[in-house]
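Report on one structure; see the data block that follows.
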Amino acid sequence: MIWHTARSARCLRSVLFDYLNCQHQNLLKRTYSLNNLRQSFDKQLISRSIPAGNMLNITTKPDNIQIRLIKPEESERVLEFLRIHYYPEEPLNAGIEPKRQEDADEEYTMSMVKHGMSLMAIEPISQNLKDRIVGALIVGPKDANEADNLFKAANRATTRKWLHMTQLLGCVERDANVCERYKVQRVLHNHALGVDNKMRGKNIGSRLITEMIKVAKDAKFEAITADCTSFYSAKLYERLGFECINTIYYSDYKDTNKLQVFRPEPPHTCIKTYGYRL
C-alpha cells in the first residue's frame with residue numbers, strides 16, 4: 001500500500017513537472033514573439049522619424065580621424081583633394097562659366113598654406129600607406145586693406161571669371177568691414193573648407209573649425225571671419241557660434257550690362273560673412 005502510494009506520488013509529480021515545463025516553454029515563446037514584435041515596431045518608428053535618405057547623415061565622430069596643421073610640402077596633395085571635394089560644389093566657382101576653377105583661384109587659395117595655420121583631417125590607413133585626407137581648411141591672415149587688395153587683384157585679372165570673383169569678394173570685404181566693426185587689426189580669414197564626399201555628416205568640418213579657433217587664439221589673432229558662399233557652410237558656422245555680419249545676394253551682383261553674373265544652384269542664394277571675436 002505504501003509502495004503504491006509512493007508510486008502514485010511520483011507519477012503525479014512527474015506529470016506536474018511536465019506541465020510546468022510546458023508552460024515555461026510557452027512563456028518563452030510568447031516572450032520571444034513579443035520581443036520580435038517590439039523590435040519590428042521600433043524599426044518602423046525610426047524609419048518614420050528619420051527619412052531613409054538622411055540615415056547616413058546622422059552626426060558621428062570617428063575616433064581615428066586626426067586634425068593637424070598642413071605642412072608646406074603637402075600643398076599639392078591638399079590641392080588635389082580640394083579639386084575633388086571642394087571646387088566642383090563651391091557655389092562661387094560653380095555658379096559661373098567655365099565651371100572649372102581658375103588657376104589664379106587655386107594659386108591664391110594655396111598661397112595661404114605658407115602662413116602655417118591651415119589644417120587637414122586625416123584618416124590613418126596602415127603603416128605602409130599614406131594617411132588619407134578627409135578634410136581641409138585653408139586659412140590666412142588679413143587686415144583692414146583686404147578689400148583694396150581684392151579690387152587690385154580684379155584689375156589685374158586675365159579672365160572674366162577671376163575678375164568677377166575677386167571683385168565680388170572685394171565688395172563682400174568692403175561691406176563687412178570687420179576690422180572697423182570689431183575694432184581689431186589682426187584677423188584670420190577662412191578661405192576654403194572641404195570634406196570628403198563619403199565622410200560628410202561625421203563632424204569633420206566642425207572639428208576643423210574648432211581646432212582653427214584654437215590655432216587663431218594661440219597666434220594672438222583678434223577675430224576670425226569666413227565668407228560663406230554656400231547655404232550649408234553658413235549653417236555650419238552659425239551652429240558653431242559665429243555671427244553673421246553681412247549678406248550679399250548673388251542676384252544683386254551684376255556686370256556692366258546689368259546682367260546677373262553668378263547663378264549657383266539652389267539653395268545657394270547669397271554670400272554670408274561670419275565673424276568670431278577672440
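Quick notes on this structure:
- Count of residues meeting criterion [open to solvent by 10 Å² or more (accessible area, probe 1.4 Å) and either small (Gly, Ala, Ser) or closer than 28 Å to Val134 by Cβ (or both)] in segment 165-188: 1
- The number of residues in segment 83-132 being β-branched (Val, Ile, Thr) and in contact with a Lys or Arg (Cβ under 7 Å, 6 or more places away or on another chain) comes to 3.
- Residue count for segment 151-173 under the criterion of being touching a residue at least 24 places away in the same chain (Cβ under 8 Å), part of a helix (DSSP H, G or I) and of a type in the set (Val, Ile, Thr): the result is 1.
- The set of residues from segment 87-111 being within 21 Å of Ile209 (Cβ to Cβ) and open to solvent by less than 20 Å² (accessible area, probe 1.4 Å) comprises Tyr87, Glu90, Pro91, Leu92, Asn93, Thr109.
- Residues in segment 244-260 that are open to solvent by less than 50 Å² (accessible area, probe 1.4 Å) and in a helix (DSSP H, G or I): Tyr250 alone.
- Within the option set Gly201, Gly241, being at pLDDT below 95, surrounded by fewer than 16 Cβ atoms within 10 Å (Cβ to Cβ) and assigned to a loop (DSSP other than H, G, I, E, B) holds for one residue only, Gly201.
- When the test is whether a residue is under 30 Å from Lys254 (Cα atoms), touching a strand residue (DSSP E or B) at 6+ places or on another chain (Cβ under 9 Å) and modelled with pLDDT of 95 or more, Ala216 does not pass it.
- The lone exception for Tyr274 - which of (1) over 18 Å from the mean Cα position of the chain (by Cα); (2) of a type in the set (Phe, Trp, Tyr); (3) in a strand (DSSP E or B) it fails: (1)
- Where Val184 falls short, out of the listed (1) over 14 Å from the mean Cα position of the chain (by Cα); (2) not charged (D, E, K, R); (3) not in a loop (DSSP other than H, G, I, E, B): (3)
- Within segment 264-277, being open to solvent by 100 Å² or more (accessible area, probe 1.4 Å) and touching a Phe, Trp or Tyr at 6+ places or on another chain (Cβ under 7 Å) holds for one residue alone: Arg277.
- Any hit, segment 135-145, residues being acidic (Asp, Glu), surrounded by 20 or more Cβ atoms within 10 Å (Cβ to Cβ) and closer than 23 Å to Ile271 by Cβ: no
- Considering residues of segment 99-123 that are assigned to a loop (DSSP other than H, G, I, E, B) and out of contact with any strand residue (DSSP E or B) (no Cβ under 7 Å at 6 or more places or on another chain) only, the residue farthest from Ser75 (Cα to Cα): Lys99
- Residue ID - most open to solvent (accessible area, probe 1.4 Å), chosen from residues in segment 204-236 that are touching a Lys or Arg at 6+ places or on another chain (Cβ under 8 Å) and not small (Gly, Ala, Ser): Lys220
- Of all residues in segment 69-86, those that are over 16 Å from Leu193 (Cβ atoms), open to solvent by 70 Å² or more (accessible area, probe 1.4 Å) and either in contact (Cβ under 8 Å) with a residue 40 or more places away in the chain or out of contact with any helix residue (DSSP H, G or I) (no Cβ under 9 Å at 6 or more places or on another chain) (or both) total 4.
The values are calculated or read from the model by the stated rules, or taken from the named source; none is laboratory data. Keep in mind the model is a prediction, meaning the values are calculated, not measured. As a convention, Cβ positions derive from the backbone with ideal geometry for all residues, glycine included, and neighbour counts pool all protein chains shown. To get the accessible areas, we keep the full protein, side chains included, count just its heavy atoms, and leave off ligands, DNA and RNA. Shrake-Rupley method; radii C 1.70, N 1.55, O 1.52, S 1.80 Å.
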